[in-house]
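Values in this text are rule-based calculations from the coordinates and carry no lab data. Computed from a predicted structure; not experimentally measured. Ideal geometry is used to build each Cβ from the backbone, glycine not excepted, and the neighbour counts take in all protein chains shown.
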Amino acid sequence: MSYDKLGTLPVYIKALELCKISREIASYVTFNKDLLKLYQSNSLRDIIADSILTDSNLIHQKIALAETKGCHSEKLRSAAFINVMTRNIISYCNGLEMDGVKEKEYLNLLRQEVISFRKSFRAWRKSFRDNNNS
């Protein structure tokens, strides 16, 4: 698949939505509003927010890599990596909650977006088997 057609891929669209909501929530919960410098902060909340941003960005990049390479083994590696990243984002939400973020609705919103992404992700991952068997 070419980069031009990625925008029509449902899992890629969901990954971009996850990235967008992650960015908005990270911006809201951090003490340091300069999102590009979160990694320099000593605040646990800023470090967790930076991790959410990093992982959500890596998800759509891995989908793009898997789709443009077209190699079955690359798709499987990307799928395993994405699975870890989505679990991490859920864990980061728990970490922010433990750090005292009062707006749990926003964290629940991010969790729901991860769950929604996972549904699309499962369908995408299932397509590997379907395409490999044909």
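Of the options TYR92, ASN108, PHE128, report the single residue whose Cα projects farthest towards the positive end of the charge dipole of region 66-134 (beta-carbon charges: Lys, Arg +1; Asp, Glu -1).
PHE128
Calculated from the structure, Kirkwood radius over Cα pairs in Å equals which of (1) 17.1; (2) 25.3; (3) 15.4?
After the calculation, the listed value that fits is (3).
Which of the peptides 53-60, 119-126 is most tightly packed, and how do the rest follow, going by the mean number of other Cβ atoms within 10 Å of each residue?
53-60, 119-126
Determine the calculated [θ] at 222 nm for the chain from helices alone, applying -39500 (n - 2.57) to every DSSP H run no shorter than 4 residues and normalising by the residue count; nearest 500 deg cm²/dmol.
After summing the helix terms and dividing by residue count, I get -27500 deg cm²/dmol.
Size of the dipole of the chain about the Cα centre, Lys and Arg at +1 and Asp and Glu at -1 on the beta carbon, nothing else charged, in debye to 20?
Taking the Cα centre of the chain as origin, the dipole is about 520 debye.
Which stretch or stretches of region 84-126 have amide N atoms under 12 Å from the point lying 7 Å from GLU17's Cα along the Cα→Cβ direction?
Of the residues in region 84-126, 112-121 have backbone N under 12 Å from the label point off GLU17.
Taking neighbour Cβ counts within 10 Å as the exposure measure, how do THR8, THR68 sort from fewest upward?
THR8, THR68
Quick one: of LYS20/LYS62; LYS37/LYS104; LYS14/LYS104; LYS14/LYS62; LYS14/LYS119; LYS20/LYS75, which pairs are farther than 19 Å apart, Cα to Cα?
Exceeds cut-off: LYS37/LYS104; LYS14/LYS104; LYS20/LYS75.
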